[in-house]
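Asks: What follows is a structure written as structure tokens; I'll ask about it next.
The values are calculated or read from the model by the stated rules, or taken from the named source; none is laboratory data. Everything numeric in this text was worked out from a predicted model, so none of it was measured. Every residue, glycine as well, gets a Cβ built from its backbone with ideal geometry; the counts of neighbours run over all protein chains shown. For accessibility, only protein heavy atoms count, side chains too; no ligands or nucleic acids. Shrake-Rupley method; radii C 1.70, N 1.55, O 1.52, S 1.80 Å.
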Amino acid sequence: MPRPYANEEAARAANAGAYPPDLSLITKARHGGVDYIYSLLTGYCDPPAGVKVQEGLHYNPYFPGGAIAMAQNIFDGVVEFEDGTPNTAAQITKDVVTFLNWAAEPELDDRKKIGVKAILLFSTLTALALWIKRNRWQTLKTRKIVFNPPKNWNVKK
């Protein structure tokens, strides 16, 4: 994926001196994954009574400590969807979180397809092996073994 900034200095200049984190693996790095990111992006609200938030910070109950420097970025009506999907903050956030989840594992779809093919192949091979085993051993398992002693078996000399 292309980098949004030319270098670290440009990234810091665009984000008030803070270097933005690489979010390509954020859904795998956080406990709760996509649910945590969704809650974080949609969880901005006014602080409850008795909670003081420092200047430049915003209250978000889903962020550890409750105060986060990132302001709310997603609002209703910011994006127009061509297919008529409602442009609510919840839908936009769902799309962002789905993209971040894909960015963490872009090869996941290919792995799932290969997994289905492998399961089908091994199921077929198992069925074939069981069928061959039954046909191979059928004659040996159904064979009757009879002991015929020699005629002079009990003869004493």
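Asks: GLN72 versus ARG12, label points 7 Å from Cα toward the beta carbon: distance in nm?
Replies: Output for this residue pair reads 3.1 nm.
Asks: So if a site counts as exposed when it's one of the chymotrypsin sites (Phe, Trp or Tyr not before Pro), its DSSP state isn't H, G, I, E or B, and it has at most 12 other Cβ atoms within 10 Å, what's the longest stretch of the chain without one?
Replies: Numbers: sites that count: PHE75, PHE81, PHE147, TRP153.
Of all site-free stretches, the longest is 1-74.
Asks: Could you order ASP46, ASP110, ASP95, ASP76 so the one with the most accessible surface comes first? Probe is 1.4 Å. Provide the component values of the computation, followed by the final result.
Replies: Values: ASP46 135, ASP110 90, ASP95 60, ASP76 110 Å².
Correct descending sequence by accessible area is ASP46, ASP76, ASP110, ASP95.
Asks: Next question. For every helix of n ≥ 4 consecutive DSSP H residues, a contribution of -39,500 (n - 2.57) applies; sum these over the chain, divide by its total residues, and give [θ] at 222 nm rounded to the nearest 500 deg cm²/dmol. Show your work: numbers first, answer last.
Replies: Numbers: 5 runs with 70 residues, N = 157.
Only helices count here, giving -14500 deg cm²/dmol.
Asks: Projected onto the charge dipole of the chain (+1 at Lys/Arg Cβ, -1 at Asp/Glu Cβ, origin at the Cα centre), which of PRO4, VAL146, PHE75 gives the Cα projection farthest towards the positive end?
Replies: VAL146
Asks: Hey, what did segment 3-95 get for relative contact order, percent, Cα under 8 Å, at least 6 apart?
Replies: On the way: 79 pairs, mean separation 16.1, N = 93.
The normalised contact order for segment 3-95 reaches 17 percent.
Asks: To the nearest 10 degrees, how steep is helix 89-104 against the longest Cα principal axis of the chain, on a 0 to 90 scale?
Replies: Result, in degrees: 50.
Asks: List the trypsin sites (Lys or Arg not before Pro) within segment 25-101 that DSSP assigns to loop and that have no more than 10 neighbouring Cβ atoms inside 10 Å.
Replies: Numbers: sites: LYS28, ARG30, LYS52, LYS94; in loops: ARG30, LYS52.
Hits after loop and neighbour filter: LYS52.
Asks: To the nearest 10 degrees, how steep is helix 108-141 against the longest Cα principal axis of the chain, on a 0 to 90 scale?
Replies: 10 degrees
Asks: Averaged per residue, what accessible area in Å² does the chain show with a 1.4 Å probe, protein chains only?
Replies: On the way: 13140 Å² over 157 residues.
Value returned for the chain: 84 Å² of accessible area per residue.
Asks: Quick one: with all protein chains in place, what share of the accessible area of the chain is carbon or sulfur, to the nearest percent (1.4 Å probe)?
Replies: Values: 7710 of 13140 Å².
Carbon and sulfur atoms account for 59 percent of the accessible area of the chain.
Asks: Which of these values of Cα extents along the principal axes in Å was calculated from the structure shown: (i) 52, 36, 27; (ii) 117, 42, 35; (iii) 45, 36, 28?
Replies: Only one listed value fits the structure, namely (ii).
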